[in-house]
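A.B. asks: This structure is in structure tokens; I'll ask about it shortly.
The values are calculated or read from the model by the stated rules, or taken from the named source; none is laboratory data. Quick caveat: nothing in here was measured; it's all calculated off a predicted structure. FYI the Cβ positions are ideal-geometry reconstructions off the backbone, even for glycines, and counts take in every protein chain you see. The protein model used for the area step is the full one, side chains on, heavy atoms only, and it has no ligands, DNA or RNA in it. Shrake-Rupley method; radii C 1.70, N 1.55, O 1.52, S 1.80 Å.
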Amino acid sequence: MNLKGEPAFVGRFCGSNRYLIGAREVAFYREALDDRSPLPEALAPPLLHHSECFKFLGEWYLKNLFGNLHARQEWELFAPLRIGTTLWTRSMIVARYTKRGRDYVVNETDIMDAADGRLLLRGRTHQSFLASSAEARPGFVVDEAAARRKPPHAAFPTATGPELPPLEKTVDARRCWMFSGPGKNYHTDREAARQLGFPNIVVQGMMTTCFVSELLQSHFGNGWLSGGKLDVKLTNVLWVDERVTAHAKIREVVREGTHQRVHCDVWVQKTDGTRILVGEASGLQA
């Protein structure tokens, strides 16, 4: 059951919104992320509405919120977002599955040009919840020591090509509020985080996908804004005030029509080497 006490079934329509892309909104986003990637004045960052799926939590989040985590994120970029454009969004549940004692719900959100219906961006968000049969135990479902003790993953990256210039970020409480606020939640407020089983503010997983997008946008330019793809797993918790570096390394280049698609391994890691995001991405080159 979802937060409204109704079935969270595949195919459930979650909702839609309309937005006018404004210059102030773009400036706020770029300040929140310290986004310095080259971008024409008429365009907005592609993940401007990064959290649109979360506008409809009641429709697709499961009732047991204790210890819920963002597990995986996919993005497909089809065309640039232009300032002055009115967007129409559409959100629905497209998959459910169980893995390692957790229930997963996948929300797909499309962002379209309201004037002609063109699809500009598609995101798929995999959110995990403790299985309904599991009882919440006292204490933290994840703390900093437990996160550090997670077993090592398979060797990554396996790409052998050149590495793109990395991107360093520090995520403080103000950035968390700008990105995940203005209300109090476990991404903006320590007490709210403790109520859901975390000892400190959990940086929203969507923020690290935005860091990777910024890195790739800086390298591919329009080949990221029109044709970029990203599929990543969020493998560890990022806590407020930690510093991270986003990386991308070229794996292969394949012909795609009149362009070349450059496939990369991508990851984000903390200063101690802990990787919080791993996956793959690609952009187009002429």
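A.B. asks: Looking at (1) at pLDDT 95 or above; (2) under 15 Å from residue 173 (Cβ atoms), which is the one condition that is false for residue 232?
C.D. replies: (2)
A.B. asks: Can you go through 237, 212 and tell me which one is modelled with pLDDT of 95 or more and among the hydrophobic types (A, V, I, L, M, F, W, C)?
C.D. replies: So the residue among 237, 212 that is modelled with pLDDT of 95 or more and among the hydrophobic types (A, V, I, L, M, F, W, C) is 212.
A.B. asks: Identify the residue in the range 203-253 that is hydroxyl-bearing (Ser, Thr, Tyr) and within 22 Å of residue 126 (Cα to Cα) and, among all such residues, is nearest to the chain's Cα centre (by Cα).
C.D. replies: The extreme case among them is 209.
A.B. asks: Keeping to the range 158-197, report how many residues are part of a helix (DSSP H, G or I), of a type outside the set (Lys, Arg) and open to solvent by 90 Å² or more (accessible area, probe 1.4 Å).
C.D. replies: Qualifying residue count, the range 158-197: 3.
A.B. asks: Residue by residue through the range 60-77, note down the ones that are hydrophobic (A, V, I, L, M, F, W, C) and surrounded by 17 or more Cβ atoms within 10 Å (Cβ to Cβ).
C.D. replies: Listed by number, the residues that qualify are 60, 62, 69, 71, 75, 77.
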